[in-house]
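Peer 1: Dropping the structure in here first, questions after.
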Ligand code: XIL
């Protein structure tokens, strides 16, 4: 096979995968990791390495070791990504759940005024986005700001998190404002899960991004994570298509940012082997959906590529897994071949 990347290019689509910088730096599994990524993907989204928990060690204190290796420390320094012709997507500047906000920040919460919170956010976003200006064409600026529970009484049903407590709904607007100031060329996304279908959560996210734009702030698109299971059915004209269409009709791009399709597990194996077949068809349906909206949706990113490093087993108490297009040993699964065929 020529690989997903080459086939997708022909259709004007970019394929992406999450990957950890550590795996890339060590080219793990006997040197299989990097060639696989380079052959099959246009872009890499660092799985955890561009998150505040990783980079932001304290006020004016940053850990650039890994990100500089990937991207280069100064505008004219070339990192691994550029050397290998890989595009990097940024994830994420403000993750709006308390368990993802740096501990040192939460610990000082009672002494931080709203003005101070705003200037801390500004410092951080300018530091990160500014450092890699021109090297990260698209960023998830705000991640997961909308609550799962309905009608929680907050504007846009936003989560109760540090940033919301300090700045209310404006924190979202500020994050986009600072990101745009730091890199005016970057495409800026709001990213969330369970916002793929038509429902109260996607409605809230939709209202939120329209509001940010109405405040005169640059915002270009919505990332839909697509962490799903075999329960989903995706067909032309259904609620998933309608949801994407309403974003486009309102001038927003969208992207599939974290696709994986979890299967019930028994130990390390699918409970039912037929599920691999269903999973393959669903991967294909997702690819078809993305192609339908191209170029307003120009990337399909999976949350990893080999089952060996998927976050799903640990996240699901080892009840679900084998959620990615390649198996533990980097062998293409039915899902991979189904996508190759659709291309
Ligand atoms: C996950 C990573 O995959 C894990 O390694 C980490 O422990 C937790 O975060 N939504 C997101 C991603 O936006 O950043 C999450 O990534 C998965 C859910």
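Peer 1: What residue, of 218, 205, 175, 149, is part of a loop (DSSP other than H, G, I, E, B) and either surrounded by fewer than 16 Cβ atoms within 10 Å (Cβ to Cβ) or within 16 Å of the ligand (Cβ to nearest atom) (or both)?
Peer 2: Sole residue among the options that is part of a loop (DSSP other than H, G, I, E, B) and either surrounded by fewer than 16 Cβ atoms within 10 Å (Cβ to Cβ) or within 16 Å of the ligand (Cβ to nearest atom) (or both): 149.
Peer 1: Does region 302-322 contain at least one residue that is in a helix (DSSP H, G or I), away from the ligand (no atom under 16 Å from the Cβ) and surrounded by 21 or more Cβ atoms within 10 Å (Cβ to Cβ)?
Peer 2: Looking through region 302-322, none of the residues is in a helix (DSSP H, G or I), away from the ligand (no atom under 16 Å from the Cβ) and surrounded by 21 or more Cβ atoms within 10 Å (Cβ to Cβ).
Peer 1: Considering only residues that are under 19 Å from residue 179 (Cβ atoms), outside any loop (DSSP other than H, G, I, E, B) and in contact with a strand residue (DSSP E or B) (Cβ under 6 Å, 6 or more places away or on another chain), which ones fall in region 45-87?
Peer 2: Across region 45-87, the qualifying residues are 45, 55, 87.
Peer 1: Just give me the residues in region 9-37 being part of a helix (DSSP H, G or I) and within 19 Å of the chain's Cα centre (by Cα), in sequence order.
Peer 2: Once the filter is applied, which keeps residues that are part of a helix (DSSP H, G or I) and within 19 Å of the chain's Cα centre (by Cα), region 9-37 yields 21, 22, 23, 24, 37.
Peer 1: Hey, any hits in region 123-133 for a residue that's on the phi > 0 side of the Ramachandran plot and crowded, with 22+ Cβ neighbours inside 10 Å?
Peer 2: Looking through region 123-133, none of the residues is on the phi > 0 side of the Ramachandran plot and crowded, with 22+ Cβ neighbours inside 10 Å.
Peer 1: Related question: All but one of (1) in contact with a strand residue (DSSP E or B) (Cβ under 8 Å, 6 or more places away or on another chain); (2) under 18 Å from residue 196 (Cβ atoms); (3) not in a helix (DSSP H, G or I) hold for residue 286; state the number of the condition that does not hold.
Peer 2: (3)
Peer 1: Would you be able to say whether some residue in region 61-68 is within 16 Å of the ligand (Cβ to nearest atom) and either within 27 Å of residue 255 (Cα to Cα) or out of contact with any helix residue (DSSP H, G or I) (no Cβ under 9 Å at 6 or more places or on another chain) (or both)?
Peer 2: Yes, region 61-68 has at least one match.
Peer 1: So, residue 263, is that one away from the ligand (no atom under 16 Å from the Cβ), farther than 16 Å from residue 334 by Cα, at pLDDT 95 or above and outside any loop (DSSP other than H, G, I, E, B) or not?
Peer 2: Here the answer is no, as residue 263 does not meet what is asked.
Peer 1: Go through (1) farther than 17 Å from residue 89 by Cα; (2) surrounded by fewer than 17 Cβ atoms within 10 Å (Cβ to Cβ) and name the single condition residue 75 misses.
Peer 2: (1)
The values are calculated or read from the model by the stated rules, or taken from the named source; none is laboratory data. The structure displayed is predicted, hence computed values, not measured ones. When we count neighbours, we look across all protein chains shown, and the Cβ atoms used for this are built from the backbone with ideal geometry, even at glycine.
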